[in-house]
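K.L.:
Handing you this structure, nothing more for now.
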Amino acid sequence: MNTPNKLTLLRVILIPFFVVCMLAVNAGWGKWAALSIFIIASLTDMLDGYLARRDNLVTNFGKFMDPLADKLLVCSAMICLVDMERIPSWVVIIIIGREFVISGFRLIASDNGVVIAANYWGKIKTVCQMIMIIVVIADLGGVFVVVEQVLIYLSLILTVISLATYLWDNRKVLSMQD
């Protein structure tokens, strides 16, 4: 297993530790531990992609697991933030719904021997969501309350745009089902 794929697996392994820290957010240390773990996990996403492209280590495993690891990390964080009443549940439902649609779409493609990597809009969406989660977990108050709201709704808009472009760019996969 190459280094980018190991980083992807590390991101998945960090998720339960992140969630435990989020559940302990009222203990004082939980918030900062969760924030640190989330930042480290997010950085592994950037690093694994960079290394895979730089060293020509792009694999089908990475094309499949990297976006899945991102979804698991981001969705876990957002579900915790809904529980903490820091982000509206309807926003998270739309974002997670998009992830289910894309995952189903990838399964259809895979059944037809096609591996679909994340697109540009999906990558922007993921980065925006990760930044939003970092700012919301940090809960700095003041002007950051407005920044949090802007990032939440920007993440939602990018989620919808990335879904539409993903489906449009890969519409030929659906025609394989006829």
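The values are calculated or read from the model by the stated rules, or taken from the named source; none is laboratory data. All figures in this text were calculated on a predicted structure; none of them were measured in a lab. Heads up, the Cβs are rebuilt from the backbone with ideal geometry, glycines too, and the neighbour counts pull from every protein chain shown. Surface areas here come from the heavy atoms of the whole protein model, side chains and all, with no ligands, DNA or RNA. Shrake-Rupley method; radii C 1.70, N 1.55, O 1.52, S 1.80 Å.
K.L.:
Using helices alone, I'd like the mean residue ellipticity at 222 nm for the chain: each DSSP H run of four-plus residues gives -39500 (n - 2.57), total over residue count, nearest 500.
P.N.:
Using -39500 (n - 2.57) per qualifying helix, the result is -28000 deg cm²/dmol.
K.L.:
Then there's this: May I ask you to give the percent of accessible area on segment 1-69 that is carbon plus sulfur, with a probe radius of 1.4 Å?
P.N.:
70 percent
K.L.:
Could I ask something else about it? Points 7 angstrom from Cα along the Cβ direction at Ile39 and Tyr153: gap in nanometres?
P.N.:
Here the modelled spin labels are 2.8 nm apart.
K.L.:
Taking 0.36 nm per intervening residue step and subtracting the Cα-Cα distance, what contour gain separates Leu72 from Asn60 on full extension?
P.N.:
Between Leu72 and Asn60, full extension yields an extra 2.5 nm.
K.L.:
Pull up the cross-link candidates among the aspartates and glutamates for Lys6, meaning alpha carbon to alpha carbon under 16 Å and not fewer than 8 places away within one chain.
P.N.:
Asp45, Asp48, Asp55, Asp66, Asp70
K.L.:
To the nearest 0.05, how large is the calculated FRET efficiency for Ala27 and Val143 if R₀ is 30 Å and r is the Cβ-Cβ distance?
P.N.:
Efficiency at R0 = 30 Å is approximately 0.65.
K.L.:
Relative to the longest principal axis of the C-alpha atoms of the chain, give the angle of the C-alpha long axis of helix 144-169, reported between 0 and 90° and rounded to the nearest 10°.
P.N.:
10 degrees
K.L.:
Taking the Cβ of Ile37 as the centre, find all other residues whose Cβ is under 14 Å away and add up their charges (Lys, Arg: +1; Asp, Glu: -1).
P.N.:
Taking every Cβ under 14 Å from that of Ile37, the sum is +1.
K.L.:
Helix 120-138 versus the longest principal axis of the chain: what is the Cα-based angle in degrees, 0 to 90, to the nearest 10?
P.N.:
Between helix and principal axis, roughly 10 degrees.
K.L.:
Tabulate in residue order the Karplus-calculated ³J(HN,Hα) for segment 57-63, using 6.51 cos²θ - 1.76 cosθ + 1.60 with θ = phi - 60°, rounded to whole Hz; enter x for Gly and Pro.
P.N.:
10, 5, 10, 5, 4, x, 4
K.L.:
Something else: Each residue of segment 103-119 in order: what ³J(HN,Hα) in whole Hz does its phi give by Karplus 6.51 cos²θ - 1.76 cosθ + 1.60, θ = phi - 60°, with x for Gly and Pro?
P.N.:
So the Karplus estimates, Gly and Pro as x, are 5, x, 4, 5, 5, 4, 4, 4, 4, 9, x, 10, 9, 10, 7, 5, 9 Hz.
K.L.:
What is the diffusion coefficient of segment 139-178 in µm²/s, taking the Kirkwood radius over Cα pairs and the Stokes-Einstein relation at 25 °C with a viscosity of 0.890 mPa s?
P.N.:
Value of D from the Cα-based Kirkwood radius: 199 µm²/s.
K.L.:
Using all C-alpha to C-alpha distances in segment 100-178, build P(r) with 10 Å bins and read off the rounded percent in each one.
P.N.:
The calculated distribution, bin by bin, is 18, 39, 23, 15, 6, 0.
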